Amino acid sequence: MNDTPELSIVIVSLNTKSFLKACLDSLFAFPPRVAFEVIVVDNGSRDGSVEMLEDEYPQVRLLRNDKNEGYTRPMNQGLRVARGKWLVQLNPDTVVFSGTWDALLDFMEMHPEAGICTPKVLNRDGTLQLQCRRSAARPWDVVTYFTGLWRVFPKNKLFGGYLMTYKDENETHEAEAVSGSCMLIRRAVVDQIGYLDENLFAYQEDTEFCFRARQAGWKVYYVPSAQIIHYGGQGGSRFQPFVGIVAWHRSYYYYYHKHLASDYFFLINWFMDVAIFLKLAWSLLINFLRKEKVVGTRKP
């Protein structure tokens, strides 16, 4: 790294010491061809994460919060001090492979219309993490996802629209939204539309950001020539699962009414509101009874 980084990688962490260390190990083992910087925003970890960073990674810029500030606010903290012309949101429970960054940068440089892209995100068993490329989560896609119709007809665009299972996972293509577990952003996008919406404590911030980017004329892409592993569920929500569950449902409600509700008849909006509330109640009950607390989907 040097004093004029082209690529800025921002990570928000809360009590993820072992995963964060593995993530940083991979970042420095497989660096991009361009000068880069790594910024870690710590949300009040008590597991030795800060001490590990100070002892083993003095080249990492550390920003410290006294408490859990969620995701969007600390990510914006890091993005605002980032100096690169390319900005990366990266989860601490990820591992990058050789050539990941170069493949993404090559794609973005060859496609000036692309404002955001994501790699092929893999589960720990090497399978595609389906949530890494998805639709804007409109009502029909939400219904087909939560009723499981997408599993019955995965190759049908009508039913497999949310997770885009009708698309070949090994082909580059556009998406309406991509996962914030690893998102490469052209700085011009942030200059035009601003940072993450801090009304969202956590969750849906990636979909909301992609929505605004597309509204502004940018394209969003899934680029499988670049790959990472995302373990999933190892962040702050692991330690405050019920806070995470409420935040997830509140975030979708906020996103839906900010960007989608105006496109639909009021009865559909009422249906969506009731469905969100019922799903919240069900998720809280199931997690209360479950030994292992889970906010989102389990990652194989």
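The values are calculated or read from the model by the stated rules, or taken from the named source; none is laboratory data. If you're wondering where the values come from, they're calculated on a predicted model, not measured in any experiment. Methodologically, a virtual Cβ is constructed for each residue, glycine included, from the backbone with ideal geometry; neighbour enumeration extends over all protein chains shown. Only protein heavy atoms, including side chains, enter the accessible area calculation; ligands, DNA and RNA are left aside. Shrake-Rupley method; radii C 1.70, N 1.55, O 1.52, S 1.80 Å.
Taking every residue in the range 44-59 that is touching a residue at least 24 places away in the same chain (Cβ under 8 Å) and pairing it with any residue that is open to solvent by 100 Å² or more (accessible area, probe 1.4 Å), at least 6 positions away or on another chain, the pairs with Cβ-Cβ distances below 7 Å are GLY44/ASP66; GLY44/LYS67; GLN59/MET1. Restricting the range 161-189 to residues that are among the β-branched types (Val, Ile, Thr) and more than 23 Å from CYS23 (Cβ to Cβ) leaves a set whose member that is most open to solvent (accessible area, probe 1.4 Å) is THR172.
For the range 262-283, residues that are open to solvent by 100 Å² or more (accessible area, probe 1.4 Å) and assigned to a helix (DSSP H, G or I) total 6. Inside the range 1-25, can you point out the residues that are touching a residue at least 40 places away in the same chain (Cβ under 8 Å), open to solvent by less than 60 Å² (accessible area, probe 1.4 Å) and more than 17 Å from the chain's Cα centre (by Cα)? Residues satisfying the conditions are PRO5, LEU7, ASN15, ALA22.
The number of residues in the range 73-122 that are basic (Lys, Arg) and open to solvent by less than 10 Å² (accessible area, probe 1.4 Å) comes to 0. Filter the range 144-157 down to residues that are out of contact with any Ser or Thr (no Cβ under 8 Å at 6 or more places or on another chain) and touching a residue at least 12 places away in the same chain (Cβ under 8 Å) and give me whichever is most open to solvent (accessible area, probe 1.4 Å). My answer is PHE146. Counting only helices (runs of 4 or more DSSP H) that sit completely within the range 102-196, those holding 2 or more residues that are of a type in the set (Val, Ile, Thr) and farther than 26 Å from GLY78 by Cα correspond to 139-146. Residues in the range 26-53 that are under 24 Å from ILE185 (Cβ atoms) and either more than 18 Å from the chain's Cα centre (by Cα) or surrounded by fewer than 16 Cβ atoms within 10 Å (Cβ to Cβ) (or both): SER26, PHE28, ALA29, PHE30, PRO31, PRO32, ARG33, VAL34, ALA35, PHE36, GLU37, LEU53.
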